[in-house]
Amino acid sequence: PTELESAVSSAQTAFESWRNVPVQQRQRIMFKYQDLIRKYTDDIANLITLEQGKTLTDAKGDIFRGLEVVESACFLGPSLMGETLGNLSDGLDCVSYRQPLGVCAGIAPFNFPAMIPLWMFPVACTTGNTFVMKPSEKTPGACMMLAQLAQEAGLPDGVLNVVHGSKETVDFICDAPDIRAISFVGSNVAGEYIHARGTG
């Protein structure tokens with residue numbers, strides 16, 4: 001199998017156990033994760049400046065805006081509660097559950113190499129999904145470091161997978177039958193293409 005196939009297969013395998021990890025435990029990983037991001041903000045910002053050209057102040061802002069989403073992922077438990085309605089009809093109760101989708105994917109642009117990935121995978125993983133993240137091929141360093149820190153925080157192998165490439169990688173993500181949802185930030189043209197191909 002190709003590297004891309006291996007990433008999706010790894011995510012699919014990890015999903016079978018990850019989906020059953022209690023949300024409190026998944027949230028604890030995010031608590032550790034946000035602490036590690038704070039600890040290594042300067043290192044991540046230096047990578048962004050080196051690859052993307054932002055000033056260090058802008059690069060730190062990029063990280064901080066993503067960190068806000070990681071912080072919100074630490075408190076997702078109540079959002080995952082289902083609903084019940086007793087006696088909807090004679091002898092009929094209605095119960096709904098919120099379930100993770102499975103393998104999800106994210107495609108990020110070059111201009112916010114920390115913020116956009118952090119908008120995507122922390123929430124998806126905390127809600128019990130596994131993730132295949134494709135950073136921009138122009139600025140992959142920050143995403144790679146963020147993935148390394150996520151593993152250090154306790155994210156198990158296969159829960160977060162990073163893949164690289166340009167259009168052919170995007171096409172693979174859109175066509176992969178095991179990928180249940182795709183998150184994208186970028187141009188309208190690219191977004192329309194991903195929507196059409198990913199839902200076709």
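The values are calculated or read from the model by the stated rules, or taken from the named source; none is laboratory data. This one's a predicted model, so the numbers in the text were calculated from it and none came from an experiment. Glycine gets a Cβ as well: all are built from the backbone with ideal geometry, and neighbour counts include every protein chain shown. The protein model used for the area step is the full one, side chains on, heavy atoms only, and it has no ligands, DNA or RNA in it. Shrake-Rupley method; radii C 1.70, N 1.55, O 1.52, S 1.80 Å.
What nm distance separates the two modelled labels at GLU3 and ASP42, each placed 7 Å from Cα along Cα→Cβ?
Taking the two extended label points, one gets 3.1 nm.
Compute the accessible area per residue over the chain, keeping the other protein chains in place, probe 1.4 Å, unit Å².
Solvent-accessible surface per residue comes out at 52 Å².
Looking at this model, which pairs from LYS32/LYS60; LYS32/LYS54; LYS39/LYS134; LYS138/LYS167; LYS39/LYS60; LYS39/LYS138 are more than 22 angstrom apart at the alpha-carbon?
LYS32/LYS54; LYS39/LYS134; LYS39/LYS138
Using Cα pairs closer than 8 Å and at least 6 residues apart in sequence, work out the relative contact order for region 47-200, in percent.
24 percent
Tally Lys and Arg at +1 and Asp and Glu at -1 over the other residues with C-beta under 9 Å from the C-beta of ASN129: what net charge comes out?
+2
What does the extension gain come out to for VAL95 and VAL21, with contour length at 0.36 nm per residue minus their alpha carbon separation?
Between VAL95 and VAL21, full extension yields 24.5 nm more.
Using a 1.4 angstrom probe on heavy atoms only, work out the carbon and sulfur share of the accessible area of the chain in %.
C and S atoms contribute 54 percent here.
Mind running the shape call on region 50-143? Use the C-alpha gyration tensor, a ≥ b ≥ c as the square roots of the eigenvalues: rounded below 1.5 for a/c, prolate if a/b tops b/c, oblate otherwise.
Prolate.
Using only the alpha-carbon atoms, what does the chain span along each of its principal axes? Please give whole angstrom values in decreasing order.
Cα spread of the chain along its principal axes, largest to smallest: 65, 38, 32 Å.
Which cross-chain or sequence-distant (5 or more) residues have an amide H under 5 Å from the amide H of ASN161, H modelled 1.01 Å from N in plane?
It is PHE131, VAL132, MET133, by chain and number.
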